[in-house]
Amino acid sequence: MFSMSHQLRRLLLVLLFLWCVSLVSAQTEHFDIILFGDKIGEMTVSHETKPDGSQFYIIESKSRAKILWILRDNYSHYETVYKNGKFFSSIYKEIENNKLSRWGNTHWDGSKYAVENYHGKKSFTETPAFSIVNLYFDEVKKMNRVFYDTEAEFVNVDHTDENTLEFKTSDGHKNVYHFVNGKIQQVDVHVSFATVKIVRVN
C-alpha cells in the first residue's frame, strides 16, 4: 500500500513538473483589433518551444467590418519556425470573404531560402535576423531590418523614439509599433482608407 502511494506521488510530481514546463515554454498574447474606435476583431500571438528545441510561433487574426459600404470578413494566419536559433520557415495565408487573397511559403532548403507566394517564386540567401514574430517576444532595440513574411521581403526599420519603431512595406502599409517596458502595447497599421489599431488586452 505504501509502495503504491509512493509511486502515485511520484507520478503526480512528474505530471506537475511537465505541466509547469509547458507553462514556461508556451506563451500567448491577446490583442483587440480596432477600426474607427470600434472593436472589429481579435488577434493572438503565440510562442512555443518544441521538445527538439525549435521555436514555433503563430500569429492569427479574425476581423469583420463594413468599409466603404462593403462587408469585409478577414482571417490571417502566420506560422514561423526557428531551429537552432536560426529562421527556418514561415507560412502565411490571408482569407477575405471566404476567398484566399494572399499567401506565401518560405523555407530553408539547405543552401538558400526558397519562396513561393501569390507573386510567384524566388529565393534569397540572407538569414533573417528578425521577422515579424520577433517584435512580440524578443528584444528589438537593435533591429534595423525585419523580414516581412507577407511579401517575403526585407524592410528597413526606423526607431522614431526609444519606445516606437516603424516600417513601410511594398503592399502599401505603414506599421508603427508602440512598446512599454519592452513589450508591444499597440500596433498602428496605416492603410489607404484608415488606420487599424491592434491593442494589447493581456
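Structure above, values below:
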quantity: Checklist (1) farther than 17 Å from Glu42 by Cα; (2) touching a residue at least 40 places away in the same chain (Cβ under 8 Å); (3) within 14 Å of the chain's Cα centre (by Cα) applied to Ile67, failing item; calculated: (3)
quantity: Residue identified as surrounded by fewer than 16 Cβ atoms within 10 Å (Cβ to Cβ) and modelled with pLDDT of 90 or more among Asn163, Asn202; calculated: Asn163
quantity: Every pair of residues 6+ apart whose Cβ atoms lie under 6 Å, when the first sits in region 114-126 and is in contact (Cβ under 8 Å) with a residue 60 or more places away in the chain and more than 10 Å from Ala152 (Cβ to Cβ) while the second is outside any strand (DSSP E or B) and not hydroxyl-bearing (Ser, Thr, Tyr); calculated: none
quantity: Members of region 80-104 that are of a type in the set (Gly, Ala, Ser), without any contact (Cβ under 8 Å) to a residue 40 or more places away in the chain and more than 16 Å from Thr49 (Cβ to Cβ); calculated: Ser89, Ser101
quantity: Filtered residue count, region 69-89, keeping only those that are hydrophobic (A, V, I, L, M, F, W, C) and modelled with pLDDT of 95 or more; calculated: 3
quantity: Residues of region 36-55 satisfying the condition of being more than 25 Å from Ile198 (Cα to Cα) and surrounded by fewer than 14 Cβ atoms within 10 Å (Cβ to Cβ); calculated: Lys50, Pro51, Asp52, Gly53
quantity: Qualifying residue in region 119-129 (condition: polar (S, T, N, Q) and buried (at least 18 other Cβ atoms within 10 Å of the Cβ)); calculated: no
quantity: Residue match in region 170-183 (condition: without any contact (Cβ under 8 Å) to a residue 40 or more places away in the chain, under 17 Å from Ala129 (Cβ atoms) and out of contact with any Phe, Trp or Tyr (no Cβ under 8 Å at 6 or more places or on another chain)); calculated: no
quantity: Selection status of Ile59, in contact with an Asp or Glu (Cβ under 8 Å, 6 or more places away or on another chain), modelled with pLDDT of 95 or more and in a strand (DSSP E or B); calculated: no
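The values are calculated or read from the model by the stated rules, or taken from the named source; none is laboratory data. These numbers were taken from a predicted model, which means no experiment stands behind them. Glycine also receives a Cβ, built like all others from the backbone with ideal geometry; neighbour counts cover every protein chain displayed.
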